[in-house]
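Encoded as structure tokens, the structure appears first; notes follow it.
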Amino acid sequence: MKYYEESNVPDDRRPCAGLREDLKACLLATDCVRVHRKTPKECLLTNDPSVPLECFNLRTTFFECKRSLLDTRQRFRGRKGY
């Protein structure tokens, strides 16, 4: 997880944008994408051994954040991963 300073705040203001950026950076740094020239989606779907567990955990957290946007109980609990 990256922490941004006030001057380096990303322009993306969508919900779960920070998790999206972290997941993207994690996947683009793997050998599956860099060496084998696969797309990040292919690397995740094939469970490539070069993809670290951290990327899979970020994918799950990103999914939970997106799912919480549809949850009507978010008014009381707040968005996950924000």
- Members of the range 33-51 that are modelled with pLDDT under 90 and on the phi > 0 side of the Ramachandran plot: Asn47
- Query: If you go through the range 52-74 one residue at a time, do you hit one that is modelled with pLDDT under 80, polar (S, T, N, Q) and outside any loop (DSSP other than H, G, I, E, B)?
  - Reply: yes
- Query: Which of the residues belonging to the range 23-39 are farther than 10 Å from Arg59 by Cβ and part of a helix (DSSP H, G or I)?
  - Reply: Lys24, Ala25, Leu28, Asp31, Cys32, Val33, Arg34
- Could you grab me the full set of residues in the range 21-65 that are closer than 26 Å to Asp11 by Cα, surrounded by 13 or more Cβ atoms within 10 Å (Cβ to Cβ) and acidic (Asp, Glu)? Glu21, Asp22, Glu64
- Message: Looking only at residues that are closer than 27 Å to Leu70 by Cα and over 14 Å from the mean Cα position of the chain (by Cα) in the range 10-32, which one is modelled with the lowest pLDDT?
- Response: Pro10
- Query: Any idea how many residues of the range 54-73 are among the hydroxyl-bearing types (Ser, Thr, Tyr) and touching a helix residue (DSSP H, G or I) at 6+ places or on another chain (Cβ under 9 Å)?
  - Reply: 2
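The values are calculated or read from the model by the stated rules, or taken from the named source; none is laboratory data. Treat the numbers as computed from the prediction; the structure is a model and nothing was measured. Note that we place each Cβ from the backbone using ideal geometry, even for glycine, and neighbour counts take in every protein chain shown.
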